[in-house]
Amino acid sequence: MSGLAESTEQVMFLDPAIRNWVLFPITVIMVLVGVFRHQLTILMTGEPPKPDIRDIRQAKALIRGQILAQSNSYIPLASFNERKKFLCSAFEEGVYLKNKNAKDQSPVNLMADPKNMEVMMDGMKKQMMGIVPQTLIMGWIQFFFSGFILIKLPFPLGLRFKQMLQSGIMTPNMDVKWVSSLSWYFINLFGLRGVFSLILGGENSADGIRDMTAMGSMGAMGQQSGQPQDYNKLFMAMKDNLSIVYHEWDLANIEQRVFVKYGKQSRVFTSAAK
Amino acid sequence: MADTSELYKYFEPTVQLNTLALSNIHTLTSWGVGTAAGILGLTGWNGFIFFLANWAVISALILFVKCQGKPSVYFKSSFMDVAGTPLFNTLLSYVLVWTLMHALVYIYD
């Protein structure tokens, strides 16, 4: 006996009928369902709600405060103080708030706002569009195409996957490479994303994986959007922020700094009053 | 001030168009490479090495022929955008085609 180690390659041939009636149909159905989902999502997505001008003004006022705090070094002290005074008094009085009467009330429940309701319903409809077809296809495959080997993977996997990928077949010795139809479903799920982006353009709703990740983040997002942004509190916080900003003008004593740079003066003399 | 000019250097819609074109190139070539790997009967590590070798060749072609050697003109984070980020998605596509072709040629009678 030569010392050659025989590779334990299990060679099997499968019936071409399996190929015709299982392999191709699964792929074709997944592609078609993906396209169908994409078109349906387009039909179902309503128009985005037109934002109220008061909402926009509220948000922009807050941004204005932030910009002032961040870019304080670009304007001299007098200008900065003037802007700070104006904005702080405006925040204090609630000039920019959406409805001034509600300033002292507790935050209104977000669900009551009809506009936001539509947005949330749209989001939930999209989630449903993603999850339902996937579950349906998985159930269909497990019902019709279980109990036989479909394909051989060209690459090896660990033994742990044997149970998952050869779900219907009770053979202890068969290589993990021989798998059942469910694993073909998974391979298709991951691999058809490229095909969808070719057929449907860049932004398509036929992506199975995006739905799975969206399912995970849906729980977290649902809780957060339940609280409306209390702009009054935000304005107060911004007001406090502005009052403690340390202002330093970039061009302070610029004449002296130029002199010092060119050696005409030894150092910068800062005066007592700015 | 350098920050703002960096941000405004790229026109967002064109960058997205470029990324889409790049992903289309990757999808089509991965189908071609996957078919080749399946028909050749590559298995296991050979298949992945084949994929990486082709990936290197195709990325080099994209960088030097399509982008004319200056990928930062067309993409935001130049090299990584072209060769690093699409790698995983293309790999998944490649595995699908590779498995399919290998099965069609070698497994079915």
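The values are calculated or read from the model by the stated rules, or taken from the named source; none is laboratory data. Fair warning: this is a prediction, and the values are worked out from it, not measured in the lab. Here the Cβ positions follow ideal geometry from the backbone for every residue, glycine too, while neighbour counts run over all protein chains shown. The accessibility values were calculated without ligands, DNA or RNA, using every heavy atom of the protein model including side chains. Shrake-Rupley method; radii C 1.70, N 1.55, O 1.52, S 1.80 Å.
Residue count for segment B:58-109, restricted to those that are within 14 Å of chain A (Cβ to nearest Cβ), outside any helix (DSSP H, G or I) and open to solvent by less than 40 Å² (accessible area, probe 1.4 Å): 2. Looking at A:Met129, is it under 26 Å from A:Pro49 (Cα atoms), open to solvent by 40 Å² or more (accessible area, probe 1.4 Å), at pLDDT below 85 and more than 14 Å from every other protein chain (Cβ to nearest Cβ)? For A:Met129, the condition - under 26 Å from A:Pro49 (Cα atoms), open to solvent by 40 Å² or more (accessible area, probe 1.4 Å), at pLDDT below 85 and more than 14 Å from every other protein chain (Cβ to nearest Cβ) - is not met. Applying a threshold of 7 Å to beta carbon distances and a minimum spacing of six or more residues, or different chains, the list of pairs starting in segment A:176-200 at a residue that is within 9 Å of chain B (Cβ to nearest Cβ) and closer than 23 Å to A:Phe148 by Cα and ending at one that is hydroxyl-bearing (Ser, Thr, Tyr) and buried (at least 22 other Cβ atoms within 10 Å of the Cβ) reads A:Ile187/B:Thr99; A:Gly191/B:Ser93.
Checking each residue in segment B:24-46 for being touching a helix residue (DSSP H, G or I) at 6+ places or on another chain (Cβ under 7 Å) and at pLDDT below 90 picks out B:Gly41, B:Leu42. Considered as a group, the residues in segment A:13-27 that are facing chain B (nearest Cβ under 9 Å) and open to solvent by less than 70 Å² (accessible area, probe 1.4 Å) include one that is nearest to A:Gly147 (Cα to Cα), and that residue is A:Ile18.
Going by the conditions given, is B:Ala53 among the small types (Gly, Ala, Ser), within 11 Å of another protein chain (Cβ to nearest Cβ) and open to solvent by 40 Å² or more (accessible area, probe 1.4 Å)? No: the conditions fail for B:Ala53. Note on segment B:6-47: residues that are open to solvent by 60 Å² or more (accessible area, probe 1.4 Å), within 10 Å of chain A (Cβ to nearest Cβ) and over 22 Å from A:Gly201 (Cα atoms) amount to 2.
Contact map, segment B:16-36: first residue without any contact (Cβ under 8 Å) to a residue 24 or more places away in the chain, second residue not in a helix (DSSP H, G or I), Cβ cut-off under 6 Å, separation 6 or more or different chains; pairs are B:Leu20/A:Gly202. For A:Met111, the criteria (1) open to solvent by less than 90 Å² (accessible area, probe 1.4 Å); (2) at pLDDT below 85 hold in every case but one, which is (1). Among the residues of segment A:133-158, those that are part of a helix (DSSP H, G or I) and open to solvent by 70 Å² or more (accessible area, probe 1.4 Å) comprise A:Thr135, A:Leu136, A:Trp140, A:Gln142, A:Phe143, A:Phe144.
Conditions tested, residue by residue: (1) open to solvent by 40 Å² or more (accessible area, probe 1.4 Å); (2) at pLDDT 85 or above; (3) farther than 30 Å from A:Tyr96 by Cβ; (4) out of contact with any Gly (no Cβ under 7 Å at 6 or more places or on another chain).
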position	(1), (2), (3), (4)
A:Arg160	yes, no, yes, yes
A:Gln166	no, no, yes, yes
A:Ile209	no, no, yes, yes
A:Gly219	yes, no, yes, yes
A:Gln223	yes, no, no, yes
A:Gln227	yes, no, no, yes
A:Asp240	yes, yes, no, yes
A:Asn253	yes, no, yes, yes
A:Arg267	yes, no, yes, yes
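Applying a threshold of 9 Å to beta carbon distances and a minimum spacing of six or more residues, or different chains, the list of pairs starting in segment A:23-46 at a residue that is among the aromatic types (Phe, Trp, Tyr) and ending at one that is surrounded by 13 or more Cβ atoms within 10 Å (Cβ to Cβ) reads A:Phe36/A:Pro133; A:Phe36/A:Ala206. When restricted to residues that are at positive phi and out of contact with any helix residue (DSSP H, G or I) (no Cβ under 8 Å at 6 or more places or on another chain), segment B:59-98 contains 1.
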